[in-house]
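To start, the structure itself, in structure tokens.
Each value in this text was obtained by applying a stated rule to the coordinates, not by laboratory testing. The structure displayed is predicted, hence computed values, not measured ones. Here Cβ is always computed from backbone atoms with ideal geometry, including for glycine, and neighbour counts include all displayed protein chains.
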Amino acid sequence: MRDSRKNAIVILGFSTIFALLILFNSTTAVAEDSSTPSVEQIVHRSNKAAYYQGEDGKARVAMSIFDKQGNERNREFTILRKDMDSEESNKLKNQKYYVYFTKPSDVRKMVFMVWKHIAQDENDDRWLYLPGMDLVKRIAATDKRTNFVGSHFFYEDVSGRNPNLDEHELVNTTDNYYVLKNVPKNKDMVEFSHYKMWIHKDTYIPVKTVYFDKNRQKYREYQVMNVEDVQGYKTVTKSRMKNLNTGGYTILNYKEVEYDVGIPEDIFTERYLSRPPIKYLR
């Protein structure tokens, strides 16, 4: 009887030690996992890095459009951006964009304007001014995922897709990237089934995005080609969008990038579509 009690105590002792080891390892794993930001934090920070540097911004952009044969067409424009005030400092702000085309002659003085709304149930407002006809055209919400002035970028790409329109999942973590899978909440409003993003861990810049069609085949790919430090902000200065089905692609080169310019809000109104604010476009 004494030996059996002794053995039971020994077994109990090993069981206790084993349980403590499991608890310790579990606690350690949780501690390691807790160092990884949540999906919501990654999405928020990546949007901040991609679209919210400074309180406003300005850049000259050279657009080069290539077809599958290598034929090239070019566009040049200036883009102005302003963030709106928000009562919640930790939330992404509404934004306004003004894109003014200078070259070539067939698009000169054309203007694309966006009022970007972050609320989930509110569509962005988009206008296109066509100087040849002196016509202001509203761009419908259903047209936001069509080609932007004949390029491989879409209208929605210019100001960025509202993160509230998608469900986000962290599917992989590498040494350098967080990999997110993003699925649209309203599948009838878009042409893709989902898209994946590779977000740089240090800068939170989305350096690569791959879109999958309704058959879950890759058909569109965005790639960052160069990043520079501008006024203390890590800034994408060269990027490419490629149509994987046709082989055509578009490259954007950003020049003379400035932040915190002091752009007034009244520029982003229909009044200035036909009367460009030259002072801020120089």
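Near ILE263: Cβ cut-off under 12 Å, other residues only, Lys/Arg at +1 and Asp/Glu at -1. The net charge is -2. The C-alpha atoms of the chain define a longest principal axis, and helix 2-34 lies at about 10 degrees to it. Annotation: Cα Rg of the chain relative to the compact-globule expectation 2.2 N^0.38 Å equals 1.32. Panel order for LYS238, LYS82, by other beta carbons found within 10 Å of each beta carbon, from fewest to most: LYS238, LYS82.
For segment 192-197, backbone phi angles converted through the Karplus equation (6.51, -1.76, 1.60; θ = phi - 60°) give residue-by-residue couplings of 10, 8, 5, 9, 10, 10 Hz, Gly and Pro being listed as x. So what is the relative contact order for the chain, in percent, with contacts set as C-alpha pairs under 8 Å and at least six apart? About 18 percent, as a whole number.
How compact is segment 77-154 by the rule of thumb for globular proteins, expressed as Cα Rg over 2.2 N^0.38 Å?
Working: Rg = 14.1 Å, N = 78, 2.2 N^0.38 = 11.5 Å.
Scaled against compact globular proteins, the figure is 1.22.
Three principal axis extents describe the C-alpha atoms of segment 28-148; from largest down they are 64, 39, 28 Å. Ordering PRO277, GLY247, SER151 by the projection of their Cα atoms onto the charge dipole of segment 147-282, which places +1 on the Cβ of Lys and Arg and -1 on the Cβ of Asp and Glu, puts GLY247 at the extreme positive end. In this Cβ point-charge picture (+1 for Lys and Arg, -1 for Asp and Glu), segment 54-281 has a dipole of about 840 debye about its Cα centre.
Summarising the amide proton neighbourhood of ILE139: residues at separation of 5 or more, or on other chains, whose placed amide H is nearer than 5 Å comprise ARG126, TRP127, LEU128. Sorted fewest first by neighbouring Cβ atoms within 10 angstrom, MET63, MET84 come out as MET84, MET63. Relative to the longest principal axis of the chain, what angle (0 to 90°, nearest 10) does the C-alpha long axis of helix 39-51 take? Helix 39-51 and the main axis of the chain meet at about 30 degrees.
Where does the chain land at 222 nm, in deg cm²/dmol rounded to the nearest 500, when only DSSP H runs of n ≥ 4 count, each adding -39500 (n - 2.57), divided by all residues? One gets -6500 deg cm²/dmol as the mean residue ellipticity at 222 nm. Here LEU252, LEU281 are placed in order of increasing Cβ neighbour count within 10 Å, fewest first, which gives LEU281, LEU252.
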